[in-house]
Structures are given as C-alpha cells and as structure tokens.
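Working notes, structure below.
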Amino acid sequence: MDPLYELLAPYFDRPESPSDHLPPPAASDAHTVSYLTRLSTLSLGDLASTEPASLLHSAQQHLRSLQALSKRSQKAVIASSSHLSNLTSILPILGSQTKALQDGIPELETAASEFATKYNRSTENAVLDRRKRTMLLSGNVDRVTDVLELPTLLSSTVSAAQAPGTSSSSSTSTSYASALDLHAHIRRLNTLYPHSELVGGIMKQAESEIQNLTTILITALQSPSLKLAGAMRTIGWLRRVTPDLAEDGYATTKQHATSARALTMSKDAQSEDGALGSVFLICRLRTLHMTLNALDPLRELADNETTRRQQGLNSKLLKQQVSASALGSQSERYLKRYIEIFREQSFSIISMYKSIFPSSLPTPEIASSDEGDEEASPGLPSPLASFALHLSATLSRELQQYLPNIADKQARESLLTQVLYCAGSLGRLGADFGLMVAMLEADLEGSLEDTEDTADADPEWVQVMKKHRVQASRLEVLSRGVGGRKASGEVLSPPPVSA
C-alpha cells in the first residue's frame, strides 16, 4: 500500500490556518490501511464516478454525527473545557496538599499508636470504664427502670391498703403482704449493693413508705370498732412491718425480786413482743379517751354542780329550794354513763391484750435463794399492770371530783355498786380495783350530811360492799343452777363480811 499512499499524499488536505494542528493520516493507521485496501479493489470507472459521491456522503454523515454529539454533550464539553483551563492552577495546589499529606502520615501513625495503647482493653482506663458502664446501663435499661419503679409500686400498694373500698380483710392482707415483699426485695438490693447511690435513694423512699404503712396500722389500732380478730391481724402486720418495735429489749431477761408480791417484778416476766404491747395499750387508751370525750355536754353540767358545791351553794337554803333527789342529778347521769363506757372499753382492752400478748402478761413473784439476785437491778413493770393502775386512777379521779355532788344516798350506792361490778369484771382479768371504793370515803364526808348514820354504824362504802357481796353471791349461785330457797323460804346468803 505504500506506493498508493505516496501517490495520494500530495492531495491530502492542508491546514487552513496555523492553529489547525490536524496531521495527515499515517500510513500505518488502521483506517488508512482499510481505505487504501478498498481503493485497490475499485475499478477506474468507480473511482471516477461513485467514489466521490460515497466520500461526500460519508463526510456529511460524520458531520451530522458530530453535530448531534456536540448538541448532546454541550454542557459536558463546556465543563470539560473550563476544568481543562483550570487544570494548570489546580495541579500545583494538589501537589502541595499531597506533600502535606505525605508529611503528616508519620504524625498520624504516631497518634494512632498512642490511641491504641491508651485505649487498650487490657489496661485500666477511666474513659473505657465509663463507656463500659454506659453500655451496661444501655443493655439493662429495662431492669433499671423496674428498680426505679419499686418505690412507686410500694406507694401504690400502701395506698391500696388504705383505700376505703378495700374493706375486706383478704384484700387488705394481700396489699400488706405485697408491700412487705417489695420492702424485703428493696432491702435485699441494698444489702447486695451497699455503695450504690441509686439503691440507697430507693431504700430511703421505701423506708418512708413503710413508715406510712406503720402509721396506717397504728391508726387502725385506734378504731372504735376494733375487734379481737382485727387487732390480732394488725399486731401481726406490725410485727412484720416494724421488727424494731418487737425486738427493742423492752423487758429485761433477769429482774429483781422485791419483797412485796407484785405482778410486775417477776423474774420470769419477759416480753417477746417488745414495745408492741405498749403501743397497743396507748392506742386503745386514746380511743377510750375519745369515747369518753363524747360525754363533754354531761361533764359541763356536772362541772356546774361541782362549782356550786365548792362555792357553798349546796347549803340548807339550797336544799330547801331544791329536792334532795335533784341535787347532783347531772353528776349522777354523767358518772353513770362514764362508768358504763369505762367498764365496756376497759374490759375489751385488757381482754384483747391478754389474747394478743400472752407472753407479756405479769406473773407472780418467784422467791429466789440466790444471794446474787438481790444485787440485780429491777426490770420495768409490765405494761398491762401499769395500764390497769392508770385506768383505776382515771376512774378514781372522776369519782373524787363528781361523786361528792350527789346528795341522794341511794344514787351514790347505785354508782358505787356499778363501780364494784366494773372492778369485778376487770377482776376476772386480774385487774380488780374494788378496794378503791374505800379510798373515796374521805371525799364523801362532806356530802353525807343528810344521812342518818350514827357513830356505831358502818361507813357507807362498807355497806355498799356488803350489799354487793350478797348480790354477787346470789348471782353466782343462780348461774350455777343450784340456787333456790331453803325450807323456810329464805334466800341463800354469804357469810357476813367485816369491814
């Protein structure tokens, strides 16, 4: 093909301007070789007639293709041209940045090595520990939420036990049991994690709720309608809720034996319930005072009579204006109602105490031959014994204040008999205070001016006790089913009782 190429080379297109740098086709170019090969196969007539037309058609076809390509790639060509024009300024910048990156690689390697050494898992690090705790907290967020909800759940349980709608004992017991289980779980967590501030805060909230529950139980002991079953349940819950009250060492393990045979100083009198017995008695005593305070209207009328008596208005002039039966009538009404309530409530309190706290009851003194026991310090008296003394002292104060207002002898005897029945009722529980009637004699001396007793007659309290003994013996005989009359028709009576 070289001769043909050399033959056609003079006729190649020349550049029209110096800016055109299109070189002539090379002889070794594939397109050139293909076209020269095609020319060698054409005849002279084809070269003269059809080949120019074919070349023109190909040129136009290529022109249209170029135009279509330029239309489609206009934006890309312009962008490429602009980038190409900026390439001369970008290349130096890229070179400088590449140099800076190359210079910074050693420093980066050093920092990466230090980081890997610092945060290695095999060494202790505060940041890693904090991240581990954060990850652990994130993985156990549900458990932590449950722990945080324990005080709220405990508060809801206590509120459910206190709600008015939960009147049944089963639902209340269930609420108390749930509250105690929650509190035991919180205490267990506090034992397992004593240094945790979170668990410590939850423990404080739980203790506050348990104090609220204790308040609810103690308030329940002050209910006027409290029965033995409810009292036993409440004391049982208090033993579980406040074990400190049940184990406070209220009674000593070894007490001193005194010379007087009292029920309060026995060596065997040990309390297994701590201060719960005292709490029960205090609550019931408050209920008793609240019940007796309902008699304030009658008390005010009786106080008026006491004022008149102290001012000397119960003189002969007053007795001429008012009948003897009307003197002290308000005091009689008040004392009668007072003794009725006192008898009912005191018997209920002491009987419930003996049923609930059988181990805390006072026992008779046991003589000891050990000389070392004489040096032992005496223990505290039994709460029940002190409570019985307080009750008798309370009743005695009321009688001393208002009984002298009553001028009618039969009314006084009726009230004293009622007091003796009350003493006998408590005597069945070991708290008889019948001899207290004898101590009222000095206070009654001023109100007995209308009696016909002589110097040889027995005091009024002796007569009352004799009549009471007779009535009590008759009731006892009748209750046994052997009561009756003798052949002469007389009623059986007890032997005479001396003053």
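The values are calculated or read from the model by the stated rules, or taken from the named source; none is laboratory data. Just so it is clear, the model here is predicted, and its values are computed rather than measured. Because the Cβ atoms are built from the backbone with ideal geometry, glycine has one as well, and the counts that use them run over all protein chains shown.
Being assigned by TED's automatic domain parsing to the domain that holds A388 and either modelled with pLDDT of 80 or more or in contact with a Ser or Thr (Cβ under 9 Å, 6 or more places away or on another chain) (or both) is a property that does not hold for T242.
When the residues of segment 200-211 are filtered to those that are in contact (Cβ under 8 Å) with a residue 24 or more places away in the chain and buried (at least 19 other Cβ atoms within 10 Å of the Cβ), which remaining residue is farthest from V144 (Cα to Cα)? The qualifying residue farthest from V144 (Cα to Cα) is I210. From the list L44, L94, L56, L108, the one residue that fits, being over 21 Å from F12 (Cα atoms) and over 60 Å from the mean Cα position of the chain (by Cα), is L94. If A220 meets every condition in (1) farther than 30 Å from R143 by Cβ; (2) under 12 Å from the mean Cα position of the chain (by Cα) apart from one, which number is that one? Checking A220 against (1) farther than 30 Å from R143 by Cβ; (2) under 12 Å from the mean Cα position of the chain (by Cα), the one that fails is (2).
To keep it simple, each residue is scored yes or no on (1) on the phi < 0 side of the Ramachandran plot; (2) surrounded by 12 or more Cβ atoms within 10 Å (Cβ to Cβ); (3) in contact (Cβ under 8 Å) with a residue 24 or more places away in the chain.
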site: G95; (1), (2), (3): yes, no, no
site: D129; (1), (2), (3): yes, no, no
site: L137; (1), (2), (3): yes, no, no
site: N140; (1), (2), (3): yes, yes, no
site: V147; (1), (2), (3): yes, yes, yes
site: T152; (1), (2), (3): yes, no, no
site: T172; (1), (2), (3): yes, yes, no
site: Y176; (1), (2), (3): yes, yes, yes
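Checking each residue in segment 337-386 for being surrounded by 15 or more Cβ atoms within 10 Å (Cβ to Cβ) and at pLDDT below 65 picks out S360, L361, P362, E365, A376, G379, L380. Go through segment 111-129 and give me each residue that's in a loop (DSSP other than H, G, I, E, B) and hydrophobic (A, V, I, L, M, F, W, C). Of everything in segment 111-129, nothing turns out to be in a loop (DSSP other than H, G, I, E, B) and hydrophobic (A, V, I, L, M, F, W, C).
Among the residues of segment 184-199, those identified as touching a helix residue (DSSP H, G or I) at 6+ places or on another chain (Cβ under 7 Å) and touching a residue at least 40 places away in the same chain (Cβ under 8 Å) are L189, V199.
Quick grid of which residues meet (1) loosely packed, with under 10 Cβ neighbours inside 10 Å; (2) among the acidic types (D, E); (3) at pLDDT below 90; (4) not in a helix (DSSP H, G or I):
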position	(1), (2), (3), (4)
T32	no, no, yes, no
Y35	no, no, yes, no
R38	no, no, yes, no
L47	no, no, yes, no
E51	no, yes, yes, no
H57	no, no, no, no
L63	no, no, no, no
A68	no, no, no, no
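I'd like the full set of residues that are in a helix (DSSP H, G or I), surrounded by 14 or more Cβ atoms within 10 Å (Cβ to Cβ) and hydrophobic (A, V, I, L, M, F, W, C), limited to segment 278-300. If the condition is that a residue be in a helix (DSSP H, G or I), surrounded by 14 or more Cβ atoms within 10 Å (Cβ to Cβ) and hydrophobic (A, V, I, L, M, F, W, C), then V279, F280, L281, I282, C283, L285, L288, L292, L298 are the ones that fit. Here I406 passes the criteria (1) of a type in the set (V, I, T); (2) closer than 22 Å to E340 by Cβ; (3) at pLDDT below 75 except the one numbered (3). All of L153, L101, L108, L94 fail the test of being closer than 30 Å to L198 by Cα and at pLDDT 90 or above, apart from L153.
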